[in-house]
Amino acid sequence: MDLNSYLKKNHRLVDGFLKSYISSTRRNNSCPKTLHRSMGYSLMAGGKRLRPIFAIAGHEAVGGRAGNIIPIAASLELIHTYSLIHDDLPAMDDDDLRRNMPTNHKVFGEATAILAGDALLTDAFSIVSNANAKPDALLNIIRELTYACGPHGMVGGQTADILLEGKKAKKSELLYIHTHKTGALIRASVRIGAILGVASQKELNALSKYGENVGLAFQIVDDILDITGTDEELGKSAGADILRGKNTYPSVFGMETSKEEAKILIEKALDAIGDLNSKADPLREIAKYILRRRN
């Protein structure tokens, strides 16, 4: 399959929904103009839309159609964008650049940036709850999202990351940070697609294992690129993790071991969905693409 065409096609579908969503927030002047601008600034700043595409690919892997999941898939980008806005704040990672643009708080101020993140996270659940799907499926999807985003997922991982900044993390602590701060939402994205597609338990188990391994590999590759990449390639300040005393895979395990671990994780992800038919090929190609980025 042509992965580039697949990514571009679904990127357009997701962006089309996001543009419609951000326009709707100003209807009847119910949302303050500055808040609306702040939300749209970060949401439409670009990005690979990888989490929505994981959801779409997970949905298609069990026989679903992309058009049926676009609103729910797009809601994942609202959640991801909220997390980036908050991660960039001075109290967190204190970043000045995101997606090759000044971070939200640099443009709109800290208070508005915090509220924009809050608004995006809240609206993500509104989008899901209004999606055209069976109530039990929507309830399960909301359950997946709340678990992946809250203290057992992203928030827990971010907290551990902050508390261990400037300290030498144990291997188990680093694994916790990566599987929660980044991996949890990627795993949930794949699972959400499968849940909406009424996957069998066997299919859901396979896709869960895929998501777990790909999610961790994705963050390891990001750690590698923070050292080897440029500001322009990353869309943010290269080497920032080292300067802040962050615990990364290369800092704990070394560069070569990190590259090998990413390779092993991608192999495990591919093995996990080995019994799925060709409809899972997009997931296979995305996994291989993640591994190629490490070089």
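The values are calculated or read from the model by the stated rules, or taken from the named source; none is laboratory data. In this text, all values refer to a predicted model and were calculated from it rather than measured experimentally. Quick reminder, even Gly has a Cβ in these numbers, built from the backbone with ideal geometry, and neighbours come from all protein chains shown.
In summary, residue 16 fulfils each of the numbered conditions (1) closer than 21 Å to residue 131 by Cβ; (2) crowded, with 22+ Cβ neighbours inside 10 Å with the single exception of condition (2). Taking the numbered list (1) at negative phi; (2) at pLDDT 75 or above in turn, residue 254 passes all entries but (1).
Among the residues of segment 134-166, count how many are basic (Lys, Arg) and assigned to a loop (DSSP other than H, G, I, E, B).
Here is the first cut: in segment 134-166, the residues basic (Lys, Arg) are 134, 143.
Filter again for assigned to a loop (DSSP other than H, G, I, E, B), leaving 134.
Number satisfying all stated conditions: 1.
Do we have residue 199 as buried (at least 19 other Cβ atoms within 10 Å of the Cβ), outside any helix (DSSP H, G or I), small (Gly, Ala, Ser) and at pLDDT 90 or above here? Here the answer is yes, as residue 199 does meet what is asked.
Residues that are over 18 Å from the mean Cα position of the chain (by Cα), farther than 24 Å from residue 245 by Cβ and in contact (Cβ under 8 Å) with a residue 40 or more places away in the chain: does segment 147-166 have at least one? The answer is no; no qualifying residue exists. Scanning segment 92-118 for residues that are in contact with a strand residue (DSSP E or B) (Cβ under 8 Å, 6 or more places away or on another chain) and farther than 16 Å from residue 40 by Cβ returns a single hit, 96. If the condition is being closer than 17 Å to residue 189 by Cα, touching a residue at least 40 places away in the same chain (Cβ under 8 Å) and of a type in the set (Ser, Thr, Tyr), then segment 41-100 contributes 75, 82, 83. Quick check on residue 213: is it touching a residue at least 24 places away in the same chain (Cβ under 8 Å), farther than 18 Å from residue 261 by Cα and part of a helix (DSSP H, G or I)? No, not satisfied.
State which residue is farthest from residue 23 (Cα to Cα) when the search covers only segment 58-73 and only residues that are touching a Ser or Thr at 6+ places or on another chain (Cβ under 9 Å) and buried (at least 24 other Cβ atoms within 10 Å of the Cβ). It would help to see each step written out before you state the result.
Initial filter on segment 58-73 (touching a Ser or Thr at 6+ places or on another chain (Cβ under 9 Å)): 58, 62, 73.
The next check asks that each one be buried (at least 24 other Cβ atoms within 10 Å of the Cβ); those that pass are 58, 73.
Working: 58: 28, 73: 18 Å.
Checking each candidate, the answer is 58.
Applying a threshold of 6 Å to beta carbon distances and a minimum spacing of six or more residues, or different chains, the list of pairs starting in segment 1-19 at a residue that is closer than 13 Å to residue 73 by Cβ and β-branched (Val, Ile, Thr) and ending at one that is modelled with pLDDT of 95 or more and in a helix (DSSP H, G or I) reads 14/52; 14/74.
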